[in-house]
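Novice: Take a look at this one; I'll ask things after.
The values are calculated or read from the model by the stated rules, or taken from the named source; none is laboratory data. Just so we're clear, the structure is a prediction, and the values are computed from it rather than from any experiment. Methodologically, a virtual Cβ is constructed for each residue, glycine included, from the backbone with ideal geometry; neighbour enumeration extends over all protein chains shown. Note: areas computed on protein heavy atoms with side chains; ligands, DNA, RNA excluded. Shrake-Rupley method; radii C 1.70, N 1.55, O 1.52, S 1.80 Å.
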Amino acid sequence: MTGSALEHRLQAGLEQVRAQNLYRTRRVIDGGHGARIRVDGRECINFCSNDYLGLAADPRIAEAARAALSHCGTGSGAAALVSGYNHEHRALEEALAEFTGRPRALLFSTGWAANLGVLRALLGKDDVLLADELNHASLIDGGRLSGAHYRRIPHADVAAFAAALAEGAGDTSPLRMIATDSVFSMDGDLAPLPQLANLVQQHGAALMIDDAHGFGVLGPRGRGAVELLTAQGAVFPDPEIYVATLGKAIGCGGAFVAGSEALIEYLIQRARSWIFSTAPPPALAAAARRGLQIIDQEPEHRRRALANLQRFRAGAAQLGIPLAASQTPIQPLIVGDAARALEMSQRLFEQGLWVAAIRPPTVPRGTSRLRITLSAAHRDEDIDRLLDALARVTDSASVPADLAASTV
Ligand SMILES: *Cc1c(COP(=O)(O)O)cnc(C)c1O
């Protein structure tokens, strides 16, 4: 008999998750990542990756890692402040600073660690954090861990941010900071960065953005959400604290914070998730630096990702598939019910199309969805196959059969 108090609690907890259709399992990938992928023993087209440019499988990046492996071995051996700071780490940090147009950058092991480290280091209990309610879990946890007054602001509600900032007006000693995803990871929409950046400037507050899904992909030169909005005509000051990850468009792993000299030096002294953590393998830094170079020199991957996005949205509009507004490779189809999202995802998978069902607590209750992500590595026919299958699995009674068939 399994009788421990812990086992009882675990079994009851698992049962509850199962009963709510929120049970999660993993599928096993064979071989590398990519738009075509072997999963649980079968070939399928991958529409649930954050590898937006198809770089995770780029042989040139693997080669950079291999070269660094023969030169530096595997592990970095220690935290960066002890003896783990390799010349590969420094070269990547310099490249990231240059790429982002900021004085300095600091490499973290993960985006999760970066957000926790930054928020806990910069905010104290007298400070105020204004956080968009749809922020990534790592920003939420980092904000809570910081001990600052945590104000959850309705999604992208500029007036609510302004009102919350106005409340503390005149009170200059506590730091007031807005933290937001620049591209919301489950919705694909952009934060109102121009308005938020102007607000913090007016109020003497600070702005931290998490550009995990913008970096490398958005903007004419892949500099991310700020560059995209600027290219669309917005004029606003650069956010003071810039976080992005290297595991998505860059196709590697890790994350970084970019900002002023003082910001980075302060984090080196105070960011606990950085100080007390082993530096990432030097080969990973070498790989990420190669990925960054490719992003800098080869705009065709971004152009291709954008073309795929346009093809998908145009096709969906024609078929009456109700996509949310999003100009990024994250294209959610809101379904509502968790069981239904799961069933749709399963039906797509049976047709060789891998699309993740996203359920609470990742998204608010009643907004379960298919989170479709597009990549530069998708071919036209991949997109058309997805559209055709989506038209079949959605309640598209209104879609004329001949229209649906014409996209095959
Ligand atoms: C993926 C993600 C993170 C976490 O980054 P990891 O490197 O995967 O830990 C942080 N913020 C956002 C918005 C993300 O999408």
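Novice: Give PRO361, PRO332, PRO299 a once-over and let me know the one that is open to solvent by 10 Å² or more (accessible area, probe 1.4 Å) and at pLDDT 95 or above.
Specialist: Just one listed residue meets the conditions, PRO299.
Novice: Being open to solvent by 10 Å² or more (accessible area, probe 1.4 Å) and part of a loop (DSSP other than H, G, I, E, B) is the filter; apply it to segment 242-253 and report the residue that is nearest to the ligand (Cβ to nearest atom).
Specialist: Checking each candidate, the answer is GLY247.
Novice: Six or more apart or on different chains, Cβ under 7 Å: which pairs go from a residue in segment 32-54 that's in contact (Cβ under 8 Å) with a residue 12 or more places away in the chain and within 16 Å of the ligand (Cβ to nearest atom) to one that's among the aromatic types (Phe, Trp, Tyr) and assigned to a strand (DSSP E or B)? Could you list them?
Specialist: Pairs that qualify, where the first residue is in contact (Cβ under 8 Å) with a residue 12 or more places away in the chain and within 16 Å of the ligand (Cβ to nearest atom) and the partner is among the aromatic types (Phe, Trp, Tyr) and assigned to a strand (DSSP E or B), are CYS48/TRP354.
Novice: While we're here: Quick one: how many residues across segment 365-381 are under 14 Å from GLN20 (Cβ atoms) and in a loop (DSSP other than H, G, I, E, B)?
Specialist: Selection size over segment 365-381: 2.
Novice: For the subset of segment 254-265 comprising residues that are of a type in the set (A, V, I, L, M) and closer than 25 Å to GLU298 by Cβ, which member is nearest to the ligand (Cβ to nearest atom)?
Specialist: Out of the qualifying residues, it is ALA255.
Novice: Does LEU14 satisfy being in a helix (DSSP H, G or I) and of a type outside the set (Ser, Thr, Tyr)?
Specialist: The answer is yes for LEU14.
Novice: Ok, one more. For segment 36-56, which residues satisfy the criterion of being closer than 24 Å to GLY188 by Cα and either at pLDDT below 95 or of a type outside the set (Gly, Ala, Ser) (or both)?
Specialist: ARG36, ILE37, CYS44, ILE45, ASN46, PHE47, CYS48, ASN50, ASP51, TYR52, LEU53, LEU55, listed by residue number.
Novice: Follow-up. Filter segment 233-253 down to the residues that are of a type outside the set (A, V, I, L, M, F, W, C) and touching a strand residue (DSSP E or B) at 6+ places or on another chain (Cβ under 6 Å) and list them by number.
Specialist: Hits for segment 233-253 are PRO239, GLU240, TYR242, THR245.
Novice: When segment 267-284 is examined, which residues are found to be closer than 15 Å to ALA113 by Cβ and part of a helix (DSSP H, G or I)?
Specialist: Those that are closer than 15 Å to ALA113 by Cβ and part of a helix (DSSP H, G or I): LEU267, ILE268, ARG270, ARG272, SER273, TRP274, ILE275, LEU284.
Novice: Cβ-Cβ below 7 Å, separation at least six or inter-chain, first residue in segment 129-146 and assigned by TED's automatic domain parsing to the domain that holds ALA162, second aromatic (Phe, Trp, Tyr): which pairs?
Specialist: Cβ pairs passing all conditions: LEU129/TYR150; LEU130/PHE161; ALA131/TYR150; LEU134/PHE184; SER138/TRP112; GLY143/TYR150; ARG144/TYR150.
Novice: Could you list all residues from segment 214-241 that are within 16 Å of the ligand (Cβ to nearest atom), of a type outside the set (A, V, I, L, M, F, W, C) and open to solvent by 10 Å² or more (accessible area, probe 1.4 Å)?
Specialist: Of everything in segment 214-241, nothing turns out to be within 16 Å of the ligand (Cβ to nearest atom), of a type outside the set (A, V, I, L, M, F, W, C) and open to solvent by 10 Å² or more (accessible area, probe 1.4 Å).
Novice: Sticking with this structure for a sec: Restricting to helices (runs of 4 or more DSSP H) lying wholly in segment 73-181: which have 1 or more residues that are within 16 Å of the ligand (Cβ to nearest atom)?
Specialist: In segment 73-181, 87-100, 111-122, 137-146 are the helices (runs of 4 or more DSSP H) which contain 1 or more residues that are within 16 Å of the ligand (Cβ to nearest atom).
Novice: Shifting gears a bit: Quick check: anything in segment 266-275 open to solvent by less than 10 Å² (accessible area, probe 1.4 Å), within 16 Å of the ligand (Cβ to nearest atom), in the same structural domain as ALA114 (by TED's automatic domain parsing) and on the phi < 0 side of the Ramachandran plot?
Specialist: yes
Novice: Can ASP51 be described as in a loop (DSSP other than H, G, I, E, B), within 30 Å of GLN269 (Cα to Cα) and of a type outside the set (Gly, Ala, Ser)?
Specialist: Criteria not met by ASP51.
Novice: If we scan segment 1-15, do we find a residue that is touching an Asp or Glu at 6+ places or on another chain (Cβ under 9 Å) and either surrounded by 12 or more Cβ atoms within 10 Å (Cβ to Cβ) or of a type in the set (S, T, N, Q) (or both)?
Specialist: no
Novice: If you don't mind, there's one more thing I want to ask. Tell me, which residue of segment 81-121 that is surrounded by 15 or more Cβ atoms within 10 Å (Cβ to Cβ) and more than 25 Å from the chain's Cα centre (by Cα) is farthest from ALA279 (Cα to Cα)?
Specialist: Looking at residues that are surrounded by 15 or more Cβ atoms within 10 Å (Cβ to Cβ) and more than 25 Å from the chain's Cα centre (by Cα), I get ASN86.
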